[in-house]
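The values are calculated or read from the model by the stated rules, or taken from the named source; none is laboratory data. As the structure is a prediction and not an experimental result, all values here were calculated from the model. Please note: Cβ atoms are built from the backbone with ideal geometry, for glycine as well, and neighbour counts cover all protein chains shown.
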Amino acid sequence: MTERFSFPSPAKLNLFLYITSKRADGYHELQTLFQFLDFGDDIEIEISQDPEIVLTEILENVPVEQNLIYRAAKLLQQQTACSLGAKIRLTKRLPMGGGVGGGSSNAATILVALNQLWQTGLSLEQLAEIGLSLGADVPIFVRGFAAFAEGVGEKLTQCNPVEKWYLVLKPDVSISTALIFQHPDLPRNTPKRSLSELLSTNWANDCEKVVRDHYSEVDDLLAWLVQYAPSRLTGTGACVFAEFDSKEEALNVFDQKPKHIQGFVAKGQNISPLHQKLNLFPNA
Ligand SMILES: C[C@](O)(CO)[C@H](O)COP(=O)(O)OP(=O)(O)OC[C@H]1O[C@@H](n2ccc(N)nc2=O)[C@H](O)[C@@H]1O
Ligand SMILES: Nc1ncnc2c1ncn2[C@@H]1O[C@H](COP(=O)(O)OP(=O)(O)OP(=O)(O)O)[C@@H](O)[C@H]1O
C-alpha cells in the first residue's frame with residue numbers, strides 16, 4: 001500500500017490592513033500584519049509514479065483545473081521537470097472566500113509538501129516565488145512566519161505579534177475581493193508608516209467601512225462582537241474576528257453567537273502549523 005502523508009493548511013488573519021496606493025496594473029499596495037491560526041484545512045497526499053495529479057474531493061463551484069491545489073501541484077511539476085504525480089485528499093474546514101486565506105494556504109501547503117515528497121529540492125524562497133503567481137497571499141503561507149507585508153503582500157518582514165486567542169465568525173454572505181478593491185469609496189491613500197509606529201497604534205482594516213456599508217450581515221455581526229472584545233474584518237471579509245487573552249473568554253462568546261453563524265475559536269501562531277509539523281525553521 002502506498003504511504004499517505006497528512007499536512008496542515010492553516011488559516012491566517014490580517015491583524016491590520018492599510019491600503020497605501022493603487023498601482024498602474026490595478027493592484028493595491030498594502031501594509032498588513034499576517035498571523036497564522038492553529039485551525040485550518042488538512043491535506044493528505046499519496047505520491048504516484050505516474051505524473052497525474054488527482055484530487056479526490058471536488059470543491060463546489062471550483063473546476064479542478066482552477067483549484068489552487070491542482071494548479072500549485074502542476075506548477076511545481078513543470079518548474080522542476082518532476083515526473084512523479086500525487087493523489088490529494090482535502091478536508092475543507094475554512095470558509096471559502098472568507099478572508100482567512102484558505103485557497104492560498106492550500107496552494108502553499110501543496111508546494112511545501114510536494115517539494116519534500118517529490119524531493120524536488122527548492123528552497124522556501126523559491127517556492128514562495130512560484131506561489132506568488134497563484135495569489136498574493138501564497139508567499140506568506142510558504143515562508144511560514146508571521147509577518148508585516150508590504151507591496152501586494154510579497155515584501156515580508158518577520159514579526160512576533162502576541163499570540164492571542166481569536167473568535168472568527170463568518171457572516172452568511174460571500175464577498176468578492178476584486179469587487180471591494182474596485183469600490184470607489186475604498187480609502188487608498190493611507191500614509192505609509194514604519195512597522196514600529198504601526199505596532200504602537202490601535203489596529204484597523206481599511207476595507208472595513210466599505211464592507212460594512214454594503215453588507216449588513218457583516219455590520220450587524222461586528223456591532224454584536226465589539227460588545228465583548230476588540231473586533232475587526234480580516235482581508236476583504238467576509239470573516240470578522242474578536243481577540244481575547246484566554247481560550248475560555250473566546251469560547252464563552254462563541255457559545256452566545258447567533259445559531260446560524262458559522263465560526264471557530266483558534267490561537268494565533270507566529271510559526272505556521274505546517275512548518276511546526278515539518279520542523280522547518282522559517283526565517284526572513
Ligand atoms: C487583501 C488580502 O486578503 C490580504 O490578505 C489578499 O491580499 C487578497 O488576496 P487574494 O484573495 O489571493 O486575491 P487575489 O486573487 O490576488 O486578487 C483578487 C483581486 O483583488 C484585487 N487586489 C488584490 C490584492 C491587492 N493587493 N490589490 C488588489 O487590487 C485585484 O483586482 C485582484 O484581481
Ligand atoms: N483549494 C481551494 N480552496 C479554496 N478556494 C479555492 C481553492 N481553489 C480555488 N479556490 C477559489 O479561490 C477563491 C478564494 O479562496 P480563499 O479561500 O483563498 O479566499 P479568501 O479566504 O478570501 O482569501 P484571501 O484572504 O486571500 O482573500 C474561492 O472562492 C474559490 O473560488
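The table below lists the values:
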quantity	calculated
In region 129-157, the residues that are among the aliphatic types (A, V, I, L, M) and more than 14 Å from ligand 1 (Cβ to nearest atom)	Ile130
Residues satisfying the stated conditions in region 141-155, i.e. in contact with a helix residue (DSSP H, G or I) (Cβ under 8 Å, 6 or more places away or on another chain) and either among the charged types (D, E, K, R) or modelled with pLDDT under 95 (or both)	Arg143, Gly153, Glu154
Subset tally (residues that are more than 15 Å from Thr20 (Cβ to Cβ) and part of a loop (DSSP other than H, G, I, E, B)) for region 175-200	6
Matching residues, region 1-41, being polar (S, T, N, Q), surrounded by fewer than 22 Cβ atoms within 10 Å (Cβ to Cβ) and in contact (Cβ under 8 Å) with a residue 40 or more places away in the chain	Thr2, Thr20, Ser21
Looking only at region 24-45, and only at residues there that are out of contact with any helix residue (DSSP H, G or I) (no Cβ under 9 Å at 6 or more places or on another chain) and modelled with pLDDT under 95, the one that is farthest from ligand 2 (Cβ to nearest atom)	Ala24
Selected residue (only one of Glu129, Glu60 is out of contact with any helix residue (DSSP H, G or I) (no Cβ under 7 Å at 6 or more places or on another chain), without any contact (Cβ under 8 Å) to a residue 60 or more places away in the chain, of a type in the set (Asp, Glu) and within 11 Å of ligand 2 (Cβ to nearest atom))	Glu60
Cβ pairs under 8 Å, 6+ apart, first in region 103-121 and under 18 Å from Cys82 (Cα atoms) and within 16 Å of ligand 1 (Cβ to nearest atom), second basic (Lys, Arg) and assigned to a helix (DSSP H, G or I)	Ala107/Arg71
Residue satisfying all of: in region 222-239; assigned to a loop (DSSP other than H, G, I, E, B) and out of contact with any strand residue (DSSP E or B) (no Cβ under 7 Å at 6 or more places or on another chain); surrounded by the fewest Cβ atoms within 10 Å (Cβ to Cβ) among these	Gln227
Considering residues of region 244-266 that are under 22 Å from Tyr215 (Cα atoms) and either buried (at least 21 other Cβ atoms within 10 Å of the Cβ) or under 23 Å from the mean Cα position of the chain (by Cα) (or both) only, the residue farthest from ligand 2 (Cβ to nearest atom)	Phe254
